[in-house]
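Read through the structure below, which is laid out as structure tokens, and then see the notes.
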Amino acid sequence: MSASTLPTLAERVRPVAWAGEQLLAVEDCLAPLLPRAGLVRGSVVGVGGPLAVTSLAMALMARAMRAGSWVAVVGLERLGLTAVEELGVPLERLVLVAAPEPAHWAATVAALVEGFDVVLAGPPARVRPVDPVPPAAGAAGETSG
């Protein structure tokens, strides 16, 4: 390989945008709830409260899913798929993952973050600390999703 082909090769493999620069759209009525009016890849958004927490979380993801994003839901066995579909969520872009044992919860969520645009996680009451999981081959240490 000659030195003159390196710049061409580098241009071909460079990222189009950094994860934090990519914004997943949300419904217009929900945009004011978020600092950048959308879901920022690599960020964490907490949704809490006594009522309709899961519905709000799913509503935040609906527009991005209709645009082609994939979502993994882990640890929410009581998720009502009929209600989710009524929110406009395309169920064919939703992957349900059973709640792992507390000792494996962090590693399970880390694996999902590597492969999905958005991860909705219902953590157990207590997550046990585990040994650090080495990053996947080729991972740069940043998470997206």
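Just so you know, all these numbers are worked out from the coordinates, no wet-lab data involved. In this text, all values refer to a predicted model and were calculated from it rather than measured experimentally. Here the Cβ is made from the backbone with ideal geometry for all residues, glycine too, and neighbour counts use every protein chain on show.
Let me make sure I get this right: for region 47-121, a, b and c are the square roots of the gyration tensor eigenvalues over alpha carbons, sorted descending. Under 1.5 in a/c it's rounded, otherwise prolate if a/b > b/c, else oblate. Which is it?
Because a/c hits 1.5 or more and a/b fails to exceed b/c, region 47-121 counts as oblate.
Read phi for every residue in region 81-94 and hand back ³J(HN,Hα) as whole Hz from Karplus 6.51 cos²θ - 1.76 cosθ + 1.60, θ = phi - 60°, with x for Gly and Pro.
5, 5, 5, 4, 5, 5, 7, x, 7, x, 4, 5, 10, 10
In what order do Ser55, Ser69 fall by count of nearby beta-carbon atoms within 10 Å, going from fewest to most?
Listing Ser55, Ser69 from fewest to most nearby Cβ atoms yields Ser55, Ser69.
Starting with the fewest neighbours, write out Met65, Met58 ranked by other beta-carbon atoms found within 10 Å of each beta-carbon.
Met65, Met58
If amide H atoms are built 1.01 Å from N in the plane of the peptide, which residues on other chains or at least 5 residues away come under 5 Å of the amide H of Trp70?
When sequence neighbours closer than 5 places are left aside, the close amide H contacts are Asp117, Val118.
Work out, step by step, the length gained on full extension between His104 and Glu27: first 0.36 nm times the residue separation, then minus their alpha carbon distance; give nm to one decimal.
So the extension gain works out to 24.4 nm.
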